[in-house]
1. Within segment 68-79, identify whether any single residue is over 20 Å from Ala27 (Cβ atoms) and open to solvent by less than 60 Å² (accessible area, probe 1.4 Å), and answer yes or no.
2. Which residue pairs have Cβ atoms under 8 Å apart, sit 6 or more places apart or on different chains, and have a first residue in segment 84-106 that is β-branched (Val, Ile, Thr) and outside any loop (DSSP other than H, G, I, E, B) and a second that is open to solvent by 60 Å² or more (accessible area, probe 1.4 Å) and at pLDDT 90 or above?
3. Name the residue, out of Ser46, Ser60, Ser90, that is surrounded by fewer than 20 Cβ atoms within 10 Å (Cβ to Cβ), within 18 Å of the chain's Cα centre (by Cα) and over 18 Å from Val116 (Cβ atoms).
Amino acid sequence: MEMVGKKAICLALLCMVAIAAAPGAEALTCSQVSGALRACIPYLTSNVALPPACCGGVKSLVSQAKTTPDRQTACTCLKAAAKALPINPSKAAGLPGQCGANIPYKISPSTDCSQVR
């Protein structure tokens with residue numbers, strides 16, 4: 001009986017260590033995506049120059065979207081925003097390059113976000 005109790009305690013301690021060591025990062029949300037890119041809207045919807053704050057937001061978003069699920073969420077949110085606003089697709093597709101950011105998919109209404117890795 002004593003051996004079973006010790007094994008249970010060891011198992012409980014291992015579980016606690018595993019839970020404590022697990023990353024506590026929250027999943028990316030559409031509000032985070034839209035907040036990061038809010039400064040880009042005038043550029044993407046009209047003929048104004050690219051604001052520096054937009055590139056800061058793009059780079060911030062890239063740094064936040066480290067996992068495949070986060071990149072897929074960002075992609076889905078970007079597509080939804082593109083449908084809701086009169087965004088210039090060429091400007092949207094070129095935005096990462098203009099900001100010196102590298103994203104693993106093309107910003108386009110035809111992008112299949114489920115294939116983003």
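1. Checked against the condition, which is being over 20 Å from Ala27 (Cβ atoms) and open to solvent by less than 60 Å² (accessible area, probe 1.4 Å), segment 68-79 yields no hits at all.
2. That search, which allows pairs on different chains as well, returns nothing.
3. Values: Ser46 fails: within 18 Å of the chain's Cα centre (by Cα); Ser90 fails: within 18 Å of the chain's Cα centre (by Cα).
Every option except Ser60 fails the conditions.
The values are calculated or read from the model by the stated rules, or taken from the named source; none is laboratory data. Bear in mind the structure is a predicted one, so any value in this text is a computation, not a measurement. Glycine gets a Cβ as well: all are built from the backbone with ideal geometry, and neighbour counts include every protein chain shown. Ligands, DNA and RNA are stripped out before the accessible areas are found, and what is left, the full protein with its side chains, is counted by its heavy atoms. Shrake-Rupley method; radii C 1.70, N 1.55, O 1.52, S 1.80 Å.
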